[in-house]
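Working notes, structure below.
Nothing in this text is a laboratory measurement; each read-out follows from the coordinates by a stated rule. Only a predicted model underlies this, so the values are computations on that prediction, with no experimental measurement involved. Positions of Cβ are backbone-derived with ideal geometry, glycine not excepted, and every protein chain shown enters the neighbour counts.
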Amino acid sequence: MGANVGIPSSEDLFLLHEGSLYQSYRILGAHVSKTTGQEGVRFTLWAPHAKQIYLLGDFNQWQSGAHPMERVSTLGVWMVFVPEAGEGDHYKYEIHSQTGQVQLKADPYAFYSELRPGTASRVVDLDGYEWQDQSWQQLKKEVPAYNKPLAIYEVHLGTWRKKDRHSEDLYTYEQLAGELVDYAAEMGYTHIELMPLAEHPFDRSWGYQATGYYSVTSRHGSPKAFMQFVDRCHQKGIGVIMDWVPGHFCKDSHGLRQFDGKPLYEYEDPRKAEKLEWGTLTFDFGRPEVQSFLISNAVFWMDMYHIDGIRVDAVASMLHLNFGRWNEKPIKNQWGGDDNPEAVAFLRKLNQVVFSYFPDALMMAEDSTDWPLVTAPVHDGGLGFNYKWNMGWMNDMLRYMKLDPINRKYHHKLITFSFMYTFSENYVLPFSHDEVVHGKRSLLHKMPGDYWQKFANLRVLYGYMSGHPGKKLLFMGSEFGQFDEWKDQEEVDWFLLDGYEKHQQMHHFVKSLNQFYLDEPALWQLDHSYEGFQWINPHDESQSVVTFMRKGNLPEDDLILVCNFTPVVHPDYRIGVPKHGVYDIVFNSDDPAYGGSGQGNKLPITSEQRPWHNLRHSLSLCIPPLAAVYIKCRSEFQTVIDEVEGGNQICAVKSVLPCSSLEEKDED
């Protein structure tokens with residue numbers, strides 16, 4: 001390390017206090033360094049309201065007064081160089097307030113923390129790891145994320161696997177770099193999204209109430225072990241997205257709350273500061289030093305750990321002053337509204353800065369509101385993200401899928417309404433941890449019907465999700481139909497794959513569906529453009545069937561998806577098609593290999609020159625029960641291959657339910 005590491009220049013201090021020091025972690029915190037040839041650690045802290053600060057740690061036997069810090073800035077930056085300190089040492093700051101209060105605080109910029117329940121910060125040098133992900137970094141630059149497949153596996157590291165199912169003995173980053181990364185690659189995921197990695201005191205907060213924003217949690221090992229995990233992901237062709245929580249922080253005494261005796265990281269106005277619903281505190285987005293802290297933090301994870309993107313949690317709670325204040329007197333901004341203009345400005349600034357450093361980053365907003373232009377550029381009046389979670393689609397689909405199929409015809413708009421707005425933003429379609437915890441039940445358990453129908457319902461839901469425009473996200477355990485909801489203190493129910501056939505088949509189905517998604521450009525090449533989608537028939541509410549096309553850059557890549565949301569076989573279901581030719585069923589969620597009934601066309605189908613659904617040609621299909629069926633034109637009529645007698649094959653009907661048990665057969 002150089003001699004000047006951790007020493008803030010006058011320009012650094014100016015930018016910090018202006019809110020524009022976007023790599024403040026190179027100045028603040030604990031840095032192994034040299035001064036006049038002497039090795040040690042330089043500690044730098046921002047605490048403008050403090051009267052005096054002492055550094056306590058292993059190097060001085062935690063004796064107060066041994067290492068007083070010097071105030072080097074009129075705006076509250078303190079510093080001390082400690083020759084006796086070294087890598088691995090634990091430390092805290094003893095902060096004396098102007099009113100005589102004394103408190104021990106962890107370092108807001110600590111790069112490593114003591115393993116819970118300990119709360120001290122630890123000295124660590126993040127330099128020196130030799131990255132082997134150059135090919136991955138180059139690949140990211142070649143094709144924009146918008147035009148690539150994005151299948152995200154959301155993971156809580158503490159419960160993906162444990163060394164013992166019910167113990168607190170967690171997998172290490174090194175072990176996860178083997179098992180988790182190999183598993184995600186085998187299953188066909190393109191990215192792993194990790195629930196908050198920042199250090200947090202309470203396991204059951206899942207990381208959403210942090211104390212160490214720059215400290216990768218010590219639950220699984222060291223910072224360089226986590227670098228190894230990310231590096232291995234990239235070497236296996238998998239990106240890493242971090243769940244990031246800039247909206248609020250916990251009130252633990254060693255954390256950011258009233259850091260120097262007064263509100264510092266939180267708003268001074270207690271009404272704006274308190275997140276009543278969560279018992280946390282809101283960052284003061286208008287304070288320049290807090291902007292430097294948070295924006296630098298986003299940059300830090302991408303810079304030091306090569307994270308590929310961040311999912312910004314609870315954006316709605318930032319944008320709205322009265323979020324969670326349901327029975328309180330409302331707060332109003334200077335124009336009399338509910339919006340928080342400081343948070344809006346912060347988010348725009350955040351995205352502009354991150355993209356200036358990392359143009360290929362994924363910046364995803366988890367926003368449950370109808371705030372406009374979330375994924376529009378800042379210069380066009382947007383918030384500047386490049387992706388937004390489609391919470392409306394998720395809520396509509398789960399509400400629809402919970403219905404008894406006989407009643408779905410009365411709620412058909414729940415599966416079609418999303419197409420009214422699906423191209424208004426760049427969307428990710430999420431089935432995340434939030435939908436399978438706290439009594440909400442697992443995705444499989446939400447499904448109606450008997451045992452077979454529950455799995456069939458889940459397969460058609462996933463099949464529809466893959467065809468719907470937008471990138472995809474699925475929470476761990478959902479890929480094999482975990483029946484219990486997520487238990488945040490136990491590992492995922494992997495035992496279901498040991499001898500439980502339907503779960504094995506569901507696992508095989510999701511793996512096959514992911515691979516099909518990756519292999520078919522029509523499902524992701526034009527994800528965010530009207531040119532990539534065309535309705536064939538959205539109006540068959542009587543039979544709860546929808547049919548549409550997904551299009552790629554090349555006409556031969558086009559796919560047709562037919563989804564049947566009832567347990568009725570339709571042996572002669574006619575759909576319009578855009579060209580006359582031979583069509584193949586290229587994916588069928590009702591395949592027996594996936595636990596299906598085996599209904600559907602087994603051989604190619606030749607279209608008829610019979611107009612249907614405002615198209616010049618049509619096909620007659622056998623539509624399986626509770627199934628998603630993908631169809632592709634193999635060849636146009638002039639080059640028919642493997643001709644089938646009669647030009648069509650109708651399935652032998654082994655009805656799961658009689659065709660007439662819910663509705664009459666389809667009529668145009």
Handout entry: Cβ-based exposure ranking for 292, 618, 589, in which fewest neighbours within 10 Å come first
Key = 618, 292, 589
Practice task
Under 13 Å Cα to Cα from residue 413, which aspartates and glutamates show up? Leave out anything in the same chain fewer than 8 places away.
Solution key: 396, 540, 541
Practice task
Nearest 5 is fine: what % of DSSP beta bridges in segment 147-389 come out antiparallel, could you say?
Solution key: 35 percent
Exercise for the section: Have a look at segment 332-407 and give its Rg and Dmax from the Cα atoms, expressed in angstrom. Expected result: 16.5, 53
Handout entry: Cα-projected label distance for residue 52 with residue 316, points at 7 Å along beta-carbon direction, nm
Key = 5.0 nm
Fill in the blank from the handout: Everything considered on the Cα gyration tensor (a ≥ b ≥ c; rounded for a/c under 1.5, else prolate if a/b is larger than b/c, else oblate), segment 10-122 must be described as rounded
Exercise for the section: Please express the shape of segment 147-389 as an equivalent ellipsoid: the semi-axes are the square roots of 5 times the eigenvalues of the C-alpha gyration tensor, given largest first in whole angstrom. Expected result: 31, 22, 16
Exercise for the section: Round to a whole angstrom and tell me the spacing of the C-alpha centers of segment 156-205 and segment 53-110. Expected result: 34 Å
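Going by how many other beta carbons lie within 10 Å of each one, how would you line up 183, 22, 109, fewest first?
The fewest-first ordering by Cβ neighbours comes to 183, 22, 109.
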Practice task
Output the relative contact order of segment 530-647, whole-number percent, from Cα pairs under 8 angstrom with separation of 6+ residues.
Solution key: 30 percent
Exercise for the section: Sort 544, 222 so that the residue with the fewest other Cβ atoms within 10 Å of its own Cβ comes first and the one with the most comes last. Expected result: 222, 544
Practice task
Convert 10 °C to kelvin, take the viscosity as 1.306 mPa s, use the Kirkwood radius over C-alpha pairs of the chain as Rh, and evaluate the Stokes-Einstein diffusion coefficient in µm²/s, rounded to a whole number.
Solution key: 59 µm²/s
Handout entry: Prolate/oblate/rounded label for segment 361-461 (Cα gyration tensor, a/c 1.5)
Key = prolate
Completion exercise
By the DSSP-based rule, helices of the chain that are at least 15 Å long along the axis (C-alpha) and have a mean Kyte score of at least -0.5 are 173-187, 288-305, 341-357, 451-467
Handout entry: Placed amide H near residue 626: partners under 5 Å, 5+ positions off or other chain
Key = 566, 568
Handout entry: Gyration tensor (alpha-carbon) shape descriptor, segment 104-194, a/c threshold 1.5
Key = oblate
Practice task
Could you work out how far the C-alpha centroid of segment 325-351 sits from that of segment 525-542, in angstrom?
Solution key: 36 Å
Fill in the blank from the handout: Normalised Cα Rg of segment 530-647, dividing by 2.2 N^0.38 Å with N its residue count, works out at 1.01
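Evaluate the relative contact order of the chain (contact order divided by residue number), counting alpha-carbon pairs under 8 angstrom at least 6 apart; express in whole percent.
Reported as a whole number, the value is 10 percent.
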Exercise for the section: Could you name the lysines whose alpha carbon sits less than 17 Å from that of residue 275, not counting residues in the same chain fewer than 8 places away? Expected result: 251, 329, 332
Practice task
Find the Cα radius of gyration of segment 137-273, compare it with 2.2 N^0.38 Å by division, and give the number to two decimals.
Solution key: 1.22
Handout entry: Entries in 440/511; 487/511; 409/579 that, when Cα-Cα distance is taken, lie over 27 Å
Key = 409/579
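Anything over 24 Å Cα to Cα? Flag those among 163/224; 148/236; 92/163; 454/551; 236/446; 402/502, in the order listed.
92/163; 454/551; 236/446
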Fill in the blank from the handout: The FRET efficiency for residue 610 and residue 416, from their Cβ-Cβ distance with R0 = 30 Å and rounded to 0.05, is 0.75
